[in-house]
Amino acid sequence: MKQILFISLIAFVLACSKGGSGGGGADSWGRGKSTPNALTEEQKQEFLDVVDSMNLARRAHERISYPSGDCDTTQDWCKKELEMYNRLKGKCTPDIKNQKEGDKTTYHETISGNDCAVSFTYHSESTDAKTLENEEYKVLNPDYQSLNDVYGRQYQQETRMNQSNSASQGQGTLFSNKYKQLEFYTFSQVESDVNGNTTKVTSGVGVNMPFGLAQATMRMVGAEGKTTVQWEINGEVISNEETVENNPTNTPASHQ
């Protein structure tokens, strides 16, 4: 489960923000929701499968605009990602526009084509104080839709910046072969010191599953040359890890 959590959660939340960093100071913006109800192992896996499917769809189409390197083809997720990407390669064309006027930066990206199996649009507007983002992803081909559970996504996110800190909240709807339609959200807070070094990050994603709200959270704290990372699902600690800078042989302090 921990491998799925790393691949699905942090990659998805980071990928959701092209125009601004996630995170935030001391207010409630970007903190996520209260999740008092613990999940069964089966419910955790169902939730993580949804997040993994959202992320798989994103990685496949993002290879069109931003070609990435090889992945480990011994892993099932890599095989599926490359299979989906190869269905898009040569048929889908990216179009990226990035414009700056004064303190405002506008970024617009589309993926389309006559024989392209997907349609993707992303738009962001950023200033020093705020970034607003909107995106829409749709699968247009039934054969391509059968490759992955999540076949559509609509998403909006707002990031607020305050000196060296920032906070993000996003919400959206995903379309699923298995669940039809699900509401989801992301959140992130980043705190930095006076030198610009990141000292604390809280980041996560939640989905309103048929059995109730499921939320995965990563909490990272860096201090005195050490970084600790804690992973939670609905408040239950799944993993604790500690790394020490400049020590490549270091292993996690604990691995639950």
* Which one of the conditions (1) under 28 Å from residue 121 (Cα atoms); (2) open to solvent by less than 30 Å² (accessible area, probe 1.4 Å); (3) at pLDDT 85 or above does residue 52 fail to meet, given that it meets all the rest? -> (2)
* Which pairs have Cβ atoms under 9 Å, sit 6 or more apart or on different chains, and link a residue in the stretch 225-244 that is in contact (Cβ under 8 Å) with a residue 40 or more places away in the chain and among the acidic types (Asp, Glu) to one that is in a loop (DSSP other than H, G, I, E, B) and surrounded by 18 or more Cβ atoms within 10 Å (Cβ to Cβ)? -> 236/39
* Report yes if residue 137 is surrounded by 18 or more Cβ atoms within 10 Å (Cβ to Cβ), outside any loop (DSSP other than H, G, I, E, B) and touching a helix residue (DSSP H, G or I) at 6+ places or on another chain (Cβ under 9 Å), otherwise no. => yes
* **Residue that is most open to solvent (accessible area, probe 1.4 Å) [pool: residues in the stretch 57-91 that are without any contact (Cβ under 8 Å) to a residue 24 or more places away in the chain and among the acidic types (Asp, Glu)]** => 70
* **Top-ranked residue of the stretch 234-254 - restricted to ones that are under 23 Å from the mean Cα position of the chain (by Cα) and of a type outside the set (S, T, N, Q), ranked as modelled with the lowest pLDDT** => 242
* **Test for residue 115: is it outside any helix (DSSP H, G or I) and at pLDDT below 90** => no
* Structure fact -> Here, strands (runs of 3 or more DSSP E) confined to the stretch 161-234 with at least 3 residues that are small (Gly, Ala, Ser) and touching a Lys or Arg at 6+ places or on another chain (Cβ under 8 Å) are 165-176
* Matching residues, the stretch 32-44, being assigned to a helix (DSSP H, G or I) and either open to solvent by 60 Å² or more (accessible area, probe 1.4 Å) or aliphatic (A, V, I, L, M) (or both) -> 41, 42
* To do: Inspect the stretch 119-126 for any residue being on the phi < 0 side of the Ramachandran plot and open to solvent by 60 Å² or more (accessible area, probe 1.4 Å) and give the result as yes or no.
  => yes
* Asked: Limited to the stretch 140-159, what total is found for residues that are open to solvent by 20 Å² or more (accessible area, probe 1.4 Å), not polar (S, T, N, Q) and not in a loop (DSSP other than H, G, I, E, B)?
  -> 4
* Asked: Do we have any residue at all in the stretch 203-219 that's farther than 30 Å from residue 179 by Cβ and either in contact (Cβ under 8 Å) with a residue 12 or more places away in the chain or touching a Gly at 6+ places or on another chain (Cβ under 9 Å) (or both)?
  -> no
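The values are calculated or read from the model by the stated rules, or taken from the named source; none is laboratory data. All figures in this text were calculated on a predicted structure; none of them were measured in a lab. Here the Cβ is made from the backbone with ideal geometry for all residues, glycine too, and neighbour counts use every protein chain on show. Each accessible area value is taken on the protein alone, full model and side chains, heavy atoms only, with ligands, DNA and RNA left out. Shrake-Rupley method; radii C 1.70, N 1.55, O 1.52, S 1.80 Å.
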